[in-house]
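Following: one structure in structure tokens, then a few remarks.
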Amino acid sequence: MPSALDTPQGAAELAESLLPSLGNRWLHTQAVAGRAREASAAVTEADRDLLVAAAWLHDIGYAPELRDTGFHPVDGARHLERLGAPMRLVRLVAHHSGAVYEAEQRGLTDELAVYEREDSPLMDALIYADMTTGPAGQPFDFDQRIDEILERYEPGSEVHTAISKARPYLGAAVERTRVRLGGQPM
């Protein structure tokens, strides 16, 4: 069942109500939504608005008022579920950018497992949008983005370990999206 939250405008309004005080996180979110719009040809026409909506909402779990587990994909998904968002949107937010890898590091696999992971061109395109956008919204290629995350987080930290393990999965999703957009395989 459609809701305002699974439209780009409704999602943007919710994100704007939660994230601007977070500075670079808000810049990143806006740019990820823009990148998702650019990548929308990689998904079916029926999924294009949902892709952009998920991009707007992928990091809402960072909002301090939503913090519960301290793991932003789960906290964001739980908030969307409470708001009555469509479950597909909730699951995309919960599992964006290889969240399962970080959930393992944080001991939160059970909390994440209540949301079924979707493996699809839509999830790939959401990963592409996030993993080709820097922390302040700057355009990055995939390797730049991963390297930036690994530099920002200390070796041995949950995020550093998770991103290191997730790199092949994330890279494959980015590559599949690039090919769907007409790029040559790398």
Would you work out if the stretch 59-153 is rounded, prolate or oblate? Take a ≥ b ≥ c from the square roots of the eigenvalues of the alpha-carbon gyration tensor; rounded if a/c is under 1.5, else prolate when a/b is larger than b/c, oblate otherwise. prolate
In nm, to one decimal, how far is the SER120 label point from the LEU150 one, both placed 7 Å along Cα→Cβ? 3.2 nm
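Heavy-atom accessible area per residue, the stretch 56-115, 1.4 Å probe: how many Å²?
39 Å²
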[x] 56, 40, 35; [y] 100, 40, 20; [z] 39, 38, 31: which one is Cα extents along the principal axes in Å as calculated from this entry? [z]
Based on the mean of other beta carbon atoms within 10 Å per residue, what is the order of 39-48, 26-35, most packed first? 26-35, 39-48
Sorted by mean Cβ packing within 10 Å, highest first, what order do the peptides 66-79, 159-172 take? 66-79, 159-172
Given 0.36 nm per residue, what is the gain on full extension from GLU104 to ALA41 after removing their alpha carbon distance, in nm? 19.4 nm
Tell me whether the stretch 109-186 comes out rounded, prolate or oblate; compute the Cα gyration tensor, take square roots of the eigenvalues as a ≥ b ≥ c, and use a/c under 1.5 as the rounded threshold. oblate
Could you please state how large a percent of the accessible area of the chain is carbon and sulfur, counting protein chains only and using a 1.4 Å probe? 50 percent
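The values are calculated or read from the model by the stated rules, or taken from the named source; none is laboratory data. This one's a predicted model, so the numbers in the text were calculated from it and none came from an experiment. Note that we place each Cβ from the backbone using ideal geometry, even for glycine, and neighbour counts take in every protein chain shown. Please note that ligands, DNA and RNA were not included when accessible areas were found on the heavy atoms of the full protein model with its side chains. Shrake-Rupley method; radii C 1.70, N 1.55, O 1.52, S 1.80 Å.
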